[in-house]
1. All but one of (1) of a type outside the set (Asp, Glu); (2) in a loop (DSSP other than H, G, I, E, B); (3) crowded, with 21+ Cβ neighbours inside 10 Å hold for Thr495; which doesn't?
2. One residue is enough: does the range 140-154 have a residue meeting the conditions of a type in the set (D, E, K, R), in a loop (DSSP other than H, G, I, E, B) and free of Cβ contacts under 8 Å to residues at least 40 places away in the same chain?
3. For the range 612-637, give me the residue count where each residue is in contact (Cβ under 8 Å) with a residue 60 or more places away in the chain and among the β-branched types (Val, Ile, Thr).
4. Can you find, within the range 239-253, the residue that is most open to solvent (accessible area, probe 1.4 Å) among those that are closer than 30 Å to Tyr532 by Cα and among the small types (Gly, Ala, Ser)?
5. For the condition open to solvent by 20 Å² or more (accessible area, probe 1.4 Å) and either at negative phi or part of a strand (DSSP E or B) (or both), what is the one hit in Asp480, Asp437?
6. Exactly one condition in (1) in a strand (DSSP E or B); (2) over 18 Å from Ala468 (Cα atoms); (3) more than 20 Å from the chain's Cα centre (by Cα); (4) not small (Gly, Ala, Ser) is not met by Phe375; state its number.
7. Which one of these is assigned to a loop (DSSP other than H, G, I, E, B), open to solvent by less than 40 Å² (accessible area, probe 1.4 Å) and within 30 Å of Tyr532 (Cα to Cα): Pro269, Pro362?
8. Quick check on Glu585: is it acidic (Asp, Glu) and surrounded by fewer than 18 Cβ atoms within 10 Å (Cβ to Cβ)?
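The values are calculated or read from the model by the stated rules, or taken from the named source; none is laboratory data. Note that the structure is a prediction, hence the values are computed from the model and not measured. Methodologically, a virtual Cβ is constructed for each residue, glycine included, from the backbone with ideal geometry; neighbour enumeration extends over all protein chains shown. Note: accessible area is taken over every heavy atom of the protein model, side chains too, but ligands, DNA and RNA are not part of it. Shrake-Rupley method; radii C 1.70, N 1.55, O 1.52, S 1.80 Å.
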Amino acid sequence: MQARVEAPYGSWKSPLSAERLAAGSKPLAAPQVDGDDIVWREGIAAEGGRVAAVRSSRGGKGVVVTPAPFNVRSRVHEYGGGALLADAGTLYFSNFADNLVYAQGRQGAPRALTSDSAQRHADFAIDRSRRRLIAVREDHSQPGAEARNSIVALPLAGGAGIELAGGNDFYAAPRLSPDGSQLAWLSWGHPRMPWEGCELWLADVARDGTLARVRRIAGGPGESLVQPVWSPRGELFVVSDRSGWWNLYRVRGDALVAVLPMAAEFGAPLWVFGQAMFGFTGDDEIVATCIEQGVSRLLRIDLARATAEPLATPFTDLDDLCAGPGFVVALAGSPTQPPQVVRIDAATGAHEVLARSVEQTPDPGTLSIPEPIDFASAGGRSAHAFFYPPRNRDFEAPAGEKPPLVVMSHGGPTSIARNSLRLAIQYWTSRGFAVLDVNYGGSTGYGRAYRDLLRGQWGVVDVEDCVAGARQLAAQGRVDGDRMAIRGGSAGGLTTLAALAFHRVFKAGASYYGVSDLAALDADTHKFESRYNGYLIAPPGPERERLYAERSPALHADAIGCPMIFFQGLDDKVVLPAQSEVMVEALKARGIPVAYLAFEGEGHGFRRKETLARTLEAEAWFYAQVFGFELADAVEPVPVMGGALPTRARP
């Protein structure tokens, strides 16, 4: 066995290059069962990040079936999802470039079903007997007015279609009963987000295809519902958090009856359409993924006996589940396996991998395995995180040296840090960094009470938890308390900026398309999140104005004293470039070292392989300058404005 090379933390030579990560990682999403085939969406970084539909027939190799330049993405709510439906060999999908809905059979080119690019569609359901597609529509045809949302029916022969349900601000999950006689859906209105409160609706489908006897089944301002699903027998099921946890319920008449009460989550925030965490593998059998303390597992639920038993698999992170007779397909990963599309036998748990987001995983000797940790935060509450120590089988640090720490603050902010293998984390740990991926108060996976810790406390609780986690690791001697950085994107960018402005813990920061000005966010953002700050900060009024002024990092840039690097997509419609640029200018004017990389053609979340590689390398270069070590790889330097980066002696 070769002796390990002694080198400072951060300077280790890693087999995970930024180019390998950018080119080798394929985002996978939305697997579906289509007869004997499995269909899913797959990102292609080498083609500008376009998303294609991929079909696997009878377990064979997946084949890209939507031709370039078609991009299977929807812009409904800007975050999209629900852009693809596979049915009887035909694909129905939304195309990102023109917002039109297309149909594509097994032979031939895609054929447009709609013609108005101002109308966006998502979350499709097939109505075979009436030869139509049911979808959520977001209509942007009135300039200057807020987009109008509805549920519509689109003829498969093409045409404008008809509106089935309208009048509420938002709609999701239109689901037709197996016999086509009933339609269920979710709706909610301003100022709520769907995970705050929404409603489940049910209607009969009349002979002429319109809806009759429309009635609200469940929901309201304090109840969040997700994923209405019809059983093979025609019984409606849904997930509700009325108990404090997203649990399974069946609809009996106009009431919900609990299936399996548990202190676990069978649902997730409806940021994107089409999310699924359970499905029917038989008339009376459900296979579901549930999240307990941030970690997933599979359960097989016998409805006739009202019992459940674990379904043993090697996976600890399961999402996007769909079901077929006796099996499920899901996105599944673990600390040693990146997300992959897998087919899992519902009786045995045996699985078959259909697609991998990463074709070649790193040598196990280079993998850092996440350690779940709980730690005390402000106000006596507990917070959660995954800690990744530095690891590289070929290197060791000099005796007595402690590693630099990168704290990750996820977006959303109602999202979740997962524990499946992410090369974007291993990129840091294999170079000698420690990483703390924080599930701060407000995160999903720990019940509604934990999620609601962020009510009125955005920029406070999330920041306190990131700060507390870093301080605990430093106090325990597991990281170098003088070399800690924080990074985050979108909502996590606000967490990052606020941590640097209001606390003196971190010595560097990286903001990816981060929020800096709360009032400007209200003025510029899209419909879906346009009232979200009423929950996160306060309802409109003098108190909100005071809190905006108190918590907006852009108004406290003079309190940031450490170097920062910003990354921004110039086509971002969720967090506009001005949110980053105002911070850059403020820091530069004060002589604080600051770097800014902006990318044409990138929106909210980077997709192009060139962008992905450049941002990783630039961030690593920046930390190396601040923390005083040399990178093992040659990296293009980043222009730094404001002041000179500090010169620091090597540890």
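1. (2)
2. Start the filter on the range 140-154 by keeping residues that are of a type in the set (D, E, K, R), which leaves 146, 148.
Of the ones still in play, those that are also in a loop (DSSP other than H, G, I, E, B) are 146.
Filter once more, so that each one left must be free of Cβ contacts under 8 Å to residues at least 40 places away in the same chain: none.
Within the range 140-154, none of the residues are of a type in the set (D, E, K, R), in a loop (DSSP other than H, G, I, E, B) and free of Cβ contacts under 8 Å to residues at least 40 places away in the same chain.
3. Number satisfying all stated conditions: 2.
4. Once the filter is applied, the top-ranked residue is Ser243.
5. Working: Asp437 fails: open to solvent by 20 Å² or more (accessible area, probe 1.4 Å).
Unique residue meeting the criteria: Asp480.
6. Every condition holds for Phe375 apart from (2).
7. On the way: Pro362 fails: within 30 Å of Tyr532 (Cα to Cα).
None of the others qualify; the one that does is Pro269.
8. Details: acidic (Asp, Glu): yes; surrounded by fewer than 18 Cβ atoms within 10 Å (Cβ to Cβ): yes.
Judged against the criteria, Glu585 is a match.
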